Every structure is written in C-alpha cells, then in structure tokens.
Amino acid sequence: MSWTEDLLEKLTHRGELAGLLDSLHTRLADLEEKRHEYALRCEAAEKALQDLSGRMDKMEAVLNERIGVLETDRTELFARLDESWKQLEELRERLAETESRQEDDSRMSTLEADRTELFARIDELKKEMQECSLLSIVNVAGDEEFDHRFIPLNQYFKGHGMALSMHLTSVDERLDDSVYQTADVTRTSAFALIAEEIRERKLEGSVAELGVAQGAFAEVINAHFPEKKLYLFDTFEGFPQADADFERMYDYSDPQKHWYADINVDQVLKRMRYPQNCIVRKGYFPDTAEGLEEVFCFVSIDCDLYKPIYSGLRYFYPRLVEGGCIFVHDYRSKFFRGVKLALRRFADEQGFFYSVLPDNTGTAVIIKNKQERENGHCA
Ligand SMILES: C[S@@+](CC[C@H](N)C(=O)[O-])C[C@H]1O[C@@H](n2cnc3c(N)ncnc32)[C@H](O)[C@@H]1O
C-alpha cells in the first residue's frame, strides 16, 4: 500500500478514532456524572447510615433501660408471687385448722350436752334415792325396823358430812319449817326441842345471839320465840381487830379480815319472821351490852373467837334464868381452837358442866340449873 493510501486509511481511522474518542468522552462524562451522582448518593447513604446508627444507639439505650425496668419488675413480681404463694399456703393451713376445730367444737358441744344430761340424770337418781330412803323411814312400823333403816341411812349421810337427827323417830310430827331451811338440821332440831321446853315451862327473859352475821341461826331463834325480844349482837363489819390479833398471838386461829365484813343489817332483819321483836346491838361486844337490863332464857354464842366467847359467857350466864340454855357453837372446831378453851375455863370457874351436840363442828349446850341451896344441897 502506498503511503497515501496508508495515510488515507490512517485518516479514515483517525476519524473513526476521533468519533470513538468523542463517544468515549461522552461516555466518560456520563460516567463522571454517574460517579458524582453515586458519590452524592453514597454520601447521603452514609449520612443516613450514621443517622440510623445514632438512632439505633438511642433505641438500644432505651431498650436496655426498658429491659432493666422489666428485669426489676420481673424480680419484684417473682418476689410477690412467692409471698402470695406463702400466704396461700398459710390460708390453706388455717382453713384446715378451722375445719378441724369446727369438728372438735361440734364434738365438744355434743359431749357437753351429754354431760349435762348425765348430771341431770344423776341428780334425779340422787333425789329418787333420798326420797326412797326417807320414805322407808316415814313408813316404819316399829323401833326395831327403824334402827334397821336409820343406821345405814345415817352412814350414807355421814359420807356427805351430814347426820340425821333422831327427831325423825316422831315421824308424825314435823318441826317448824325454819328448822329444815339451814345446813345443820341437827343443831336446829335440837334447838327446836329446847325452845319447846322453854316455852312449855314459860321461862321468862329474852333471847339473844352473839355473832349473827347474815342471821341464818338468828332467823330460827326468832321463828321459835314469837313472844320474845331477840337481841342481835354483832359488829356486822367482821371480826374486831383486837380479838383477831389475840387469836393469832395464842395461835387459837387465823381469822381473816374480810370474813363477815360487809353485812347489811336491813337484809338480816328482812329474813326474820317477827322483825318487830328484833333489837340490833351493832358494834364491839361486850361494849354493846353496856347498860342493858335484861335476863335471858336462850342465848346462842357463835362468834368463833376466844375473847368475845369468854366475855359472852361472863355477861350472859349470870343473866340466864334457871332452866335457860346457852348454845356455844364451834366447840369442837379444829379451826377455832379458842372456843373450847374459853368455855372450859369459864365452866371450871363457875363449876358447871355441859353437853355437846353431834352437829357440824359440835355445839356445846349449857342448861342453867337451879342454884344450889342451903350448903350445896338441892332442895
Ligand atoms: C360465825 S359468824 C356468826 C354466824 C351466825 N351465827 C350464823 O348463823 O350464820 C361470827 C360473827 O361473830 C362476830 N363477832 C366476832 N367477835 C365479835 C365481837 N367482839 N363483837 C361483835 N361481833 C363479833 C363477827 O362479826 C361475825 O359476824
């Protein structure tokens, strides 16, 4: 090929190349633009990424905080759950206890009811037994048969600290109601027979009690002497301090301050059948007897302590009419040991004797005999 042709060809190629170069330039410019665009987008993407990562950090922090709170809540909830569980267990136990207690209660009330019924039945049986025993006495024909029934019956009552008095032999005869209203029928029935003797002999003089308290025995005395004045001697405020101290000093007894300490005299008088006959001498005996011009046909001395008993005997014995009687209660008491000593001393000084009832704690009975006449010989 010639150089012209070669040149021409080269020129042709250069045109082509120039075209190619142009298109390459265009392409490059496009690419440049695209790169620029991508760079921008990259930048935007980077920024968005950064934003996102910042927000993610924030969200993570929020989430962590939330998780922390939830953890705490969860721990707290578990603790409360444990607590509730425990409470539930406790309630279950208490329920079981209550149920068993209810069972026990109902069993107890059944038992109580049974016991009450049994006691009532025992009481009924006791009553029936006593009625049978008493009926057997009431229906006796003769003395021999009476002994048969009376002796075992007395043994039965002895077991209960009581004794039946022999006046039941005169079964067709009933003593005054007041006799049966006291705890010591032996004493009251013996008294009733003595009172009858005094009434039948028409002895003069009043009646009295030294040591009245609530008036249980005074009531019986009053009922048996509708025509006589009844003197009631008592402090109505319990044992006098001096007499009680004296007891302790000689070891006769140990009287307590509160015994018989608060007695309502009106209540005492209310129980009397003939209250109009009663003369209350409230206060320390023998001071309360001062200036009293009286004689007596019956006196009950029931003041427990050595000093007032001795003073009582000194006061009443000289004023007792012949055939008159003094009861000294508690003569055989193991607790009030001064009673026996006071009476023995006084009786020895005066030279008389007395008898003792088989009643509760033993009542000594003094009957005033006719005074010895003409050098000690009875008329
Ligand atoms: C055992 S209680 C009398 C019980 C009464 N006889 C009855 O039937 O229930 C003894 C009483 O003697 C009284 N007493 C004791 N010493 C006394 C005294 N020196 N002067 C007055 N009363 C006295 C006491 O106040 C007490 O009320």
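Here are a few things to note about the model shown:
- Neighbours by Cβ (under 9 Å, 6+ apart or cross-chain): first from the stretch 204-223, of a type in the set (S, T, N, Q); second in a loop (DSSP other than H, G, I, E, B) and near the ligand (Cβ under 6 Å from one of its atoms): GLN214/TYR260
- Residue within the stretch 308-328 that is within 16 Å of the ligand (Cβ to nearest atom) and assigned to a loop (DSSP other than H, G, I, E, B) present: no
- Residues located in the stretch 213-239, provided they are more than 11 Å from the ligand (Cβ to nearest atom) and charged (D, E, K, R): GLU227, LYS228, LYS229
- In the set (1) under 24 Å from ALA190 (Cβ atoms); (2) without any contact (Cβ under 8 Å) to a residue 24 or more places away in the chain, GLU293 fails one condition alone, (1).
- Residue check for LYS340: within 12 Å of the ligand (Cβ to nearest atom) and either farther than 23 Å from ALA190 by Cα or at pLDDT 95 or above (or both): no
- Checked against (1) farther than 20 Å from PHE353 by Cβ; (2) without any contact (Cβ under 8 Å) to a residue 24 or more places away in the chain; (3) not hydroxyl-bearing (Ser, Thr, Tyr), LYS307 meets all criteria but (2).
- Filtered residues of the stretch 301-314 (kept if more than 36 Å from the chain's Cα centre (by Cα) and within 16 Å of THR235 (Cα to Cα)): LYS307, PRO308, ILE309, SER311, GLY312
- Among (1) without any contact (Cβ under 8 Å) to a residue 40 or more places away in the chain; (2) assigned to a helix (DSSP H, G or I); (3) within 37 Å of the chain's Cα centre (by Cα) - the single one TYR331 does not satisfy: (2)
- Filter pass, CYS303 being in contact with a Lys or Arg (Cβ under 9 Å, 6 or more places away or on another chain) and of a type outside the set (Gly, Ala, Ser): no
- Qualifying residue in the stretch 362-370 (condition: at pLDDT below 95, over 26 Å from ALA244 (Cβ atoms) and loosely packed, with under 13 Cβ neighbours inside 10 Å): yes
Yes or no, residue by residue, for (1) away from the ligand (no atom under 13 Å from the Cβ); (2) within 30 Å of the chain's Cα centre (by Cα):
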| position | (1), (2) |
| --- | --- |
| GLN241 | no, no |
| ARG248 | yes, no |
| PRO255 | no, yes |
| TRP259 | no, yes |
| VAL268 | no, yes |
| TYR274 | yes, no |
| VAL280 | no, no |
| PRO286 | no, no |
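The values are calculated or read from the model by the stated rules, or taken from the named source; none is laboratory data. Not measured: the values here are computed from a predicted model. Backbone-built Cβ (ideal geometry, glycine too); neighbour counts: all protein chains shown.
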